[in-house]
Amino acid sequence: MSATVRIPTPLRKVTNGADKASVEGNSIAEVIDSLENTFPGIKKRICEESGELRSFVNVFVNGEDIRFSDGINTSISSGDEISLVPAVAGGKD
Amino acid sequence: MSYVLNLICRECGAEYPTQPLNVCEFCFGPLEVQYDFDQIKNKVSRKTISNGPNSMWRYSQFLPVDIENSIDIGTGFTPLIHAKNLGKQLGLDYLYIKNDSVNPTFSFKDRPVAITTSKALEFGFEVLACVSTGNLMGSVAAHGSKANLDTYVFYPQDLEVSKIFGAAVYGSKMIAIEGNYDDANRFCSELSDIYPWAFVNINMRPFYAEGSKTLGYEIVEQLGWKAPDHCVVPGASGELHTKVWKGIQEFIDCELIENSIPKMHLAQPEGCSPISSAFKSKSRQIQPVKPSTIAKSLAIGNPASGPFSIDVLNQTHGSAEIAAEDTIIDSIKLLAETEGIFTETAGGVVISSLKELVTKGKIKKDETVVAFITGNGLKTLESMGEIKENTVSCMPNISSFDRVKSNFKF
């Protein structure tokens, strides 16, 4: 199955400027591996060496923060839209 | 002149040239402005500051904008009031209220927005945009007018009416997002990748955040060049809390004041307290929440500066307070009835938290406390419910008045 990932500006050097990517995978963890296959080096930008997401990377599936679901194990369906959003964007009363 | 060196990542220390950029491309950490403090230290003294304008621009050497380029609608140097009446009720001899609700758009937001607008002009932007829980958008709209910039403001649709009017009046383009603040914030972050605008709290965030330091400078100067023992600061994203501390720390570093560290307490409402909750469970990782609070200006469930706010709590031995929702209105009334200051719901959260801190013995009678009141009560009128207990209607004649006078309950 295939889902779409929106690539934020800070990661576009790794994606050769691409702002979207089509990915395979049944979970966010698998989606990240799929991204890494297409754009080698992207995983270490968004994940710690342990495989956990970095503190300042927020991931949304169809607009919902995955921390309200199963985190990195959140399941993905065909056609889902996944956003990688820097945590420091915005957010000041 | 400005003494900015560059931008630096608060997490990994990577450095970047000064530009409208807020995220480290290596670790996604937030970028912060770095200054040449050796130079600042040589140029600045208590006297040079005291001789400056009666506004936030008296601290221009510590800010990332040249004062000649400043967009100034009269922000800052707001009153620090010795709150003797409220202090007496709470058992505090040296309680001070920093009343930042008297800024041009009636909240502390004018400080960061003054910096951002000035900087947006320096960078050559034509559009100023923001996502807001209400106070920010009024300020962005006003400063945009003064600077002749087009403004777009994005806000959660359930906002208080007076906050919407308070931005719309300046002719800003108003976009009500069907969702909460965090939804609007995520959306605007994606929008900022497409539109080449100065998003006040996204790509301009490193500069924006610096404006709030001036609150720290001011209270120190107004207390006679010394830091208080305690600060009680409202928490939404956590950024204000970290920046008040940064301001105080910079004055210590530049030897403008003695090295004494205030306890930096954080005040969050029960219906949205992700930072206080993480701190209480001894974690630096924030678990986001879906806000449900009458303190809408504090309703950020996914606080961007949460981890840094927790660092400040740890460094300064501060407490993270959670104000019960049903105390907020009573606290607003308490401040109004004792000190003549009508604050919005966020201020109610601060006063409720202050009471808790005193009750728990964390603040002592003879210690100096500054409570930060950051927004005006007229902005959140609908939260006040119908205050009918002290109103009566009366015919315009003496006998009618004599009759209704006896109806007063107090």
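Tabulated results
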| quantity | calculated |
| --- | --- |
| Of all residues making up segment B:6-19, the number that are more than 26 Å from the chain's Cα centre (by Cα) and outside any loop (DSSP other than H, G, I, E, B) | 2 |
| Residue within segment A:66-83 that is open to solvent by less than 20 Å² (accessible area, probe 1.4 Å), touching a residue at least 40 places away in the same chain (Cβ under 8 Å) and facing another protein chain (nearest Cβ under 10 Å) present | yes |
| Residue pairs meeting the criteria (Cβ under 8 Å; at least 6 apart or on separate chains; first of a type in the set (A, V, I, L, M), in segment B:206-226; second assigned to a helix (DSSP H, G or I) and open to solvent by 20 Å² or more (accessible area, probe 1.4 Å)) | none |
| Wholly within segment B:319-410, helices (runs of 4 or more DSSP H) carrying at least 2 residues that are open to solvent by 70 Å² or more (accessible area, probe 1.4 Å) and in contact with a helix residue (DSSP H, G or I) (Cβ under 8 Å, 6 or more places away or on another chain) | none |
| Among (1) within 14 Å of another protein chain (Cβ to nearest Cβ); (2) under 18 Å from B:THR345 (Cα atoms); (3) open to solvent by 10 Å² or more (accessible area, probe 1.4 Å), the one test that B:ALA267 misses | (3) |
| From the options B:GLU339, B:GLU325, B:GLU321, B:GLU344, residue that is touching a His at 6+ places or on another chain (Cβ under 9 Å) and in contact (Cβ under 8 Å) with a residue 40 or more places away in the chain | B:GLU321 |
| Conditions (1) in contact (Cβ under 8 Å) with a residue 60 or more places away in the chain; (2) more than 27 Å from B:SER118 (Cα to Cα); (3) touching a Lys or Arg at 6+ places or on another chain (Cβ under 6 Å); number of the one not met by B:ILE257 | (1) |
| Residue count, segment B:195-229 (criterion: under 23 Å from B:THR133 (Cβ atoms) and either open to solvent by 10 Å² or more (accessible area, probe 1.4 Å) or within 11 Å of chain A (Cβ to nearest Cβ) (or both)) | 14 |
| Test: residue in segment B:88-98 that is open to solvent by less than 30 Å² (accessible area, probe 1.4 Å) and among the small types (Gly, Ala, Ser) | no |
| Residue within segment B:290-297 that is open to solvent by less than 20 Å² (accessible area, probe 1.4 Å), within 14 Å of chain A (Cβ to nearest Cβ) and within 17 Å of the chain's Cα centre (by Cα) present | yes |
| Some residue of segment B:266-284 being modelled with pLDDT of 95 or more and more than 24 Å from B:ALA323 (Cβ to Cβ) | no |
| Flag for B:TYR59 being out of contact with any Leu (no Cβ under 9 Å at 6 or more places or on another chain), more than 14 Å from every other protein chain (Cβ to nearest Cβ) and open to solvent by less than 40 Å² (accessible area, probe 1.4 Å) | yes |
| Residue under evaluation B:PRO17, criteria (1) open to solvent by less than 40 Å² (accessible area, probe 1.4 Å); (2) under 21 Å from B:ASP193 (Cα atoms), criterion not met | (1) |
| Search result, residues across segment A:42-65 that are away from chain B (no Cβ under 11 Å) and more than 22 Å from B:CYS188 (Cα to Cα) | A:ILE42, A:LYS43, A:GLU49, A:SER50, A:GLY51 |
| Residue in segment B:284-295 that is assigned to a helix (DSSP H, G or I) and either farther than 17 Å from B:PHE372 by Cα or in contact with a Gly (Cβ under 6 Å, 6 or more places away or on another chain) (or both) present | no |
| Single residue of B:THR133, B:THR151 found to be buried (at least 22 other Cβ atoms within 10 Å of the Cβ), of a type in the set (S, T, N, Q), touching a helix residue (DSSP H, G or I) at 6+ places or on another chain (Cβ under 6 Å) and part of a loop (DSSP other than H, G, I, E, B) | B:THR133 |
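The values are calculated or read from the model by the stated rules, or taken from the named source; none is laboratory data. On a predicted model such as this, the values are computed, not experimentally measured, just so you know. Here the Cβ is made from the backbone with ideal geometry for all residues, glycine too, and neighbour counts use every protein chain on show. Surface accessibility is based on the protein's heavy atoms, side chains included, excluding ligands, DNA and RNA. Shrake-Rupley method; radii C 1.70, N 1.55, O 1.52, S 1.80 Å.
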